[in-house]
Amino acid sequence: MVQWTAADVADQRGRTVVITGANSGLGAEATRVLAGRGARVIAACRDVDRASAFADTVAGEVEVRHLDLAELASVRAFAAGIDTDIDVLINSAGVMAVARGRTADGFERHIGTNHLGPFVLTNLLLDRVSARVVTVTSGLHVLGRISPDLNWERRRYQRWLAYAQSKLANAVFAYELQRRLAAAGRNVISVAAHPGVAATEGQRRDTSLQGKILAGGRAQSPAMGALPILFAATTPGVRGGTCIGPDGRFQRNGFPTEVRTSRASRDATIALNLWSESERLTGLRAPLDAL
Ligand SMILES: NC(=O)c1ccc[n+]([C@@H]2O[C@H](COP(=O)([O-])OP(=O)(O)OC[C@H]3O[C@@H](n4cnc5c(N)ncnc54)[C@H](OP(=O)(O)O)[C@@H]3O)[C@@H](O)[C@H]2O)c1
């Protein structure tokens, strides 16, 4: 079997890519490769100084802009400041199994940062995107359930389950967006991607036994973990509404391929409910209608 690597990323000259969380982990790896292939990368990051220090180490065009996904005013300001066409939007930023907390708008931190922020960002940028939206989910989405109590107000908080809910929301959103894009006759496709288990800051930060068990043993390098994102973002022939992940055992490591995700991630009723609840919570009227 042919193993696809970063060396297979096509020439990206003339393309503009927006990546959230571009300064760290998988976002940083993807940024290096895409900028190295000639893309203009807009690095959407919450700490501009740290992101600028990172951008200085990248060979290629990386433009840092401020984006805090945990504050909808910041998401709206970022989107309003985008005055160029975008080929690919990559929603990579995320928090992983953090302690109980709220975003600036009062949302539980995982659902707010990992789903509601990207939900608003993607919908606000959608008219400018010409090719793809890639949303980064996790193999742990299988542990998630989209609860009517999305914000963890009426149940005992469990950080891994809060993370899993938000990562299931990423997959549900990616597929629902694809359905809506297709219904609107747009050529843009929406694809989910997940890295398996990769040794990034986000992953290393959790040293608990529970975290180690859930991570499932030895992690692959961030460069390997970024391959599914790069594949989803650049390879011709990727189908909208699919998920790209590693081809190894239990999708934990390996080279990018189309992978299966949970039944819940594909459930159209769950998707419609999540979409309307996301609109209600954020006050956004998304531009695309349901099928
Ligand atoms: N690593 C894995 O094994 C693994 C497995 C499955 C899925 N994932 C997913 O992969 C994605 C990237 O994670 P990673 O492993 O690369 O972790 P990481 O190294 O911690 O990177 C996360 C990035 O998200 C940014 N971020 C966090 N909160 C933000 C906010 N409020 N606004 C804007 N940016 C914010 C971080 O910014 P700062 O640098 O300022 O904190 C950082 O750039 C996440 O969506 C994660 O769920 C990772």
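The values are calculated or read from the model by the stated rules, or taken from the named source; none is laboratory data. All values derive from a computational prediction rather than experimental measurement. As a convention, Cβ positions derive from the backbone with ideal geometry for all residues, glycine included, and neighbour counts pool all protein chains shown. All accessible areas refer to the heavy atoms of the entire protein, side chains included, with ligands and DNA or RNA removed. Shrake-Rupley method; radii C 1.70, N 1.55, O 1.52, S 1.80 Å.
Would you pick out the residues in the stretch 24-33 that are surrounded by fewer than 24 Cβ atoms within 10 Å (Cβ to Cβ) and near the ligand (Cβ under 7 Å from one of its atoms)?
Across the stretch 24-33, the qualifying residue is only Ser24.
Taking the condition of being farther than 22 Å from Ala233 by Cβ, within 11 Å of the ligand (Cβ to nearest atom) and open to solvent by 20 Å² or more (accessible area, probe 1.4 Å), how many residues in the stretch 64-94 meet it?
4
Could you say whether any residue in the stretch 153-175 is among the aromatic types (Phe, Trp, Tyr), more than 14 Å from the ligand (Cβ to nearest atom) and either within 21 Å of Glu279 (Cβ to Cβ) or touching a Ser or Thr at 6+ places or on another chain (Cβ under 6 Å) (or both)? Spell out the reasoning first.
At the first step, the residues of the stretch 153-175 found to be among the aromatic types (Phe, Trp, Tyr) are 157, 160, 163, 173, 175.
Applying the additional criterion that residues be more than 14 Å from the ligand (Cβ to nearest atom) yields 157, 175.
After this cut, where a residue has to be either within 21 Å of Glu279 (Cβ to Cβ) or touching a Ser or Thr at 6+ places or on another chain (Cβ under 6 Å) (or both) as well, the list is 175.
Yes - at least one qualifying residue is present in the stretch 153-175.
Being more than 12 Å from the ligand (Cβ to nearest atom) and either over 18 Å from the mean Cα position of the chain (by Cα) or modelled with pLDDT under 95 (or both) is the requirement here; does Arg204 meet it?
no
Given the criteria under 26 Å from Val238 (Cβ atoms), within 15 Å of the ligand (Cβ to nearest atom), open to solvent by 20 Å² or more (accessible area, probe 1.4 Å) and of a type in the set (Val, Ile, Thr), does Val142 qualify?
Numbers: under 26 Å from Val238 (Cβ atoms): yes; within 15 Å of the ligand (Cβ to nearest atom): yes; open to solvent by 20 Å² or more (accessible area, probe 1.4 Å): yes; of a type in the set (Val, Ile, Thr): yes.
The answer is yes for Val142.
So, in the stretch 261-290, how many residues would count as being assigned to a loop (DSSP other than H, G, I, E, B) and exposed (fewer than 12 other Cβ atoms within 10 Å of the Cβ)?
5
Residues to consider are Ala99, Ala131; find the one that is within 15 Å of the ligand (Cβ to nearest atom), over 12 Å from the mean Cα position of the chain (by Cα) and surrounded by fewer than 22 Cβ atoms within 10 Å (Cβ to Cβ).
Working: Ala131 fails: within 15 Å of the ligand (Cβ to nearest atom).
Checking each option against the conditions leaves just Ala99.
Exactly one condition in (1) within 14 Å of the ligand (Cβ to nearest atom); (2) at positive phi is false for Val136; which is it?
Here Val136 clears every test but (2).
Out of the residues in the stretch 75-96 that are more than 13 Å from Leu121 (Cβ to Cβ) and of a type in the set (D, E, K, R), which is farthest from the chain's Cα centre (by Cα)? Steps first, please.
Initial filter on the stretch 75-96 (more than 13 Å from Leu121 (Cβ to Cβ)): 83-85, 87-88, 95-96.
Going one step further and asking which of them are of a type in the set (D, E, K, R), we end up with 83, 85, 87.
Numbers: Asp83: 22, Asp85: 20, Asp87: 16 Å.
Among residues in the stretch 75-96 that are more than 13 Å from Leu121 (Cβ to Cβ) and of a type in the set (D, E, K, R), the one farthest from the chain's Cα centre (by Cα) is Asp83.
Out of all the residues in the stretch 105-125, is one or more open to solvent by 30 Å² or more (accessible area, probe 1.4 Å) and in a helix (DSSP H, G or I)?
yes
Considering every residue within the stretch 120-127, establish whether at least one is more than 14 Å from the ligand (Cβ to nearest atom), among the polar types (S, T, N, Q) and over 11 Å from the mean Cα position of the chain (by Cα).
There is at least one residue in the stretch 120-127 that is more than 14 Å from the ligand (Cβ to nearest atom), among the polar types (S, T, N, Q) and over 11 Å from the mean Cα position of the chain (by Cα).
Among (1) open to solvent by 50 Å² or more (accessible area, probe 1.4 Å); (2) within 25 Å of Val95 (Cα to Cα); (3) out of contact with any strand residue (DSSP E or B) (no Cβ under 6 Å at 6 or more places or on another chain), which single condition is Val48 missing?
(3)
Please verify whether the stretch 1-14 includes one or more residues that are within 24 Å of Phe255 (Cβ to Cβ), of a type in the set (Phe, Trp, Tyr) and more than 9 Å from the ligand (Cβ to nearest atom). If you could, list the steps in order and put the result at the bottom.
So the first thing to find is which residues in the stretch 1-14 are within 24 Å of Phe255 (Cβ to Cβ), and the list is 1-12.
Retained after the next criterion (residues that are of a type in the set (Phe, Trp, Tyr)): 4.
Imposing the further condition that a residue be more than 9 Å from the ligand (Cβ to nearest atom) reduces the set to 4.
Yes, the stretch 1-14 contains at least one residue that is within 24 Å of Phe255 (Cβ to Cβ), of a type in the set (Phe, Trp, Tyr) and more than 9 Å from the ligand (Cβ to nearest atom).
In the stretch 229-256, what residues are farther than 22 Å from Asp87 by Cα and open to solvent by 30 Å² or more (accessible area, probe 1.4 Å)? Walk me through how you get there before you give the answer.
As a first pass, look at the stretch 229-256 and keep what is farther than 22 Å from Asp87 by Cα: 246-255.
Once the filter is applied, which keeps residues that are farther than 22 Å from Asp87 by Cα and open to solvent by 30 Å² or more (accessible area, probe 1.4 Å), the stretch 229-256 yields Asp247, Arg249, Phe250, Gln251, Arg252, Asn253, Phe255.
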